[in-house]
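Following: one structure in structure tokens, then a few remarks.
The values are calculated or read from the model by the stated rules, or taken from the named source; none is laboratory data. Because the structure is a prediction, the values reported are computed rather than measured. No Cβ is skipped: glycine too gets one built from the backbone with ideal geometry, and neighbour counts run over all protein chains shown. Protein only, heavy atoms only, side chains kept; ligands, DNA and RNA dropped before computing areas. Shrake-Rupley method; radii C 1.70, N 1.55, O 1.52, S 1.80 Å.
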Amino acid sequence: MKLPKLDLPLFETKLPSDDTPIKYRPFTVKEEKILLVAQESKDSNQMVLAMKQIISNCCVDVVPESLPMFDLEYLMLQVRSKSVNNNIVFTVTDQETEKNIELELDIDDITLHVDENHTKKIDIDENIYLMMRYPTIEEVAVFLNFATKNIENVEDGVEDLTATLFNVMISCIDCIVNGDEVQKMSDFESQEVMTFIESAPGGTIDALRDFFDTVPTLRYEVKYVNANGNEKTVVLEGTETFFL
């Protein structure tokens, strides 16, 4: 006699970035094990791999590597809400009293925060501008790896970090618009793109930094009163809203 086959329900949501409808199912014990291993590891690489695997398994026709990071995080939260429940209990250490505080968040209260000055358009001159795309999980992983990596040689580390971050920024240029002409960056060799960017006005780098500094993020804010009677605020962003 065979064991019964379990049918999981399908749900539908829309991506925050462009309202694309996505069908998904709750995760199973198999995916929950992947998630628990990543949570216990506290390792950014494990978390990235876990997110990719769970989204691939639970979402219909979704390629995790093609999504902006905040879309991926949003889908993870939706899958979690239908797999367990909407509430996530977590603990923070109050900086004033050094005591642990248990807090709870509702997934439905996590919102997409978009800076009022954020723009995907970067002007080069009066006629030419760049259109950016949001970094994917693979590109965000590069930042995470450098943030957690122990760099023995500080000078070499800074040089490597600068070069790597610059390459990631360049890779997120979607196209160049020159009047009525639109040129996709994917149609050019990386060296051609680099040569073009290196010839751009100096302020272009600052504009690129502003784009990355203001990329939309999932955000949750909760207030509590500590043991001294003082009101405090905890802000969670991005993967913090899931890997608690």
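If the segment from residue 112 to residue 36 were pulled out straight at 0.36 nm per residue, it would be longer than the present Cα-Cα gap by 24.8 nm.
When the chain is treated as a GNM with alpha-carbon contacts under 10 Å, the residue of 117, 228, 85 showing the greatest mean-square fluctuation is 228.
The Rg/Rh ratio of the chain, with both radii computed over alpha carbons and Rh defined as the Kirkwood radius, is 1.02. If R0 is 35 Å, the Cβ-Cβ spacing of residue 66 and residue 199 corresponds to a FRET efficiency of close to 0.70. If only the Cβ of Lys and Arg carry +1 and only the Cβ of Asp and Glu carry -1, the dipole of the stretch 26-103 around its Cα centre is close to 320 debye. To the nearest ten degrees, helix 154-171 and the longest principal axis of the Cα atoms of the chain are 80 degrees apart.
Based on the Cα gyration tensor of the stretch 1-142, what are the three equivalent ellipsoid semi-axes, each the root of five times an eigenvalue, rounded to whole Å and given largest first?
Details: eigenvalues 187, 113, 47 Å².
Sorted largest first and rounded, they come to 31, 24, 15 Å.
Axis angle, to the nearest 10 degrees, between helix 203-213 and the longest C-alpha principal axis of the chain: 10 degrees. Here, P(r) means the percent of Cα pairs in each 5 Å bin from 0 to the largest distance; for the stretch 173-244 it is 3, 11, 13, 14, 13, 9, 9, 9, 6, 5, 4, 3, 0. The sum of -39500 (n - 2.57) across all DSSP H runs of n ≥ 4, divided by the residue count of the chain, sets its helix-only mean residue ellipticity at 222 nm to -12000 deg cm²/dmol.
A probe of 1.4 angstrom, applied to the heavy atoms of all protein chains, finds residue 11 with accessible area near 60 square angstrom.
Work out the FRET efficiency for residue 227 and residue 170 from their Cβ-Cβ distance, taking R0 = 41 Å, and round it to the nearest 0.05. Walk me through the intermediate numbers first.
Details: r = 49 Å, r/R0 = 1.20.
After rounding to 0.05, the efficiency reads 0.25.
Measuring only protein heavy atoms, the 1.4 Å probe finds residue 18 accessible over about 90 Å².
Quick one: ranking 55, 128 by accessible area, 1.4 Å probe, largest first, what do you get? Don't jump to the answer; show the numbers that get you there.
Values: 55 0, 128 35 Å².
Largest accessible area first, the list is 128, 55.
Taking all protein chains together and rolling a 1.4 Å probe, residue 198 ends up with roughly 130 Å² accessible. Label separation (residue 28 vs residue 97): 4.5 nm, computed from points 7 Å beyond Cα along the C-beta direction.
For the chain, modelled as a GNM whose springs connect Cα atoms under 10 angstrom apart, the maximal fluctuation among 23, 223, 14 occurs at 223. When the chain is treated as a Gaussian network with alpha carbon springs shorter than 10 Å, the biggest mean-square fluctuation among 200, 50, 38 belongs to 200.
With the simple model of a label 7 Å out from the Cα in the direction of the Cβ, residue 131 to residue 86 spans 3.7 nm. Tell me which lysines have Cα within less than 22 Å of residue 5's Cα, excluding those fewer than 8 residues away on the same chain? Candidates past the 8-residue exclusion: 23, 30, 33, 82.
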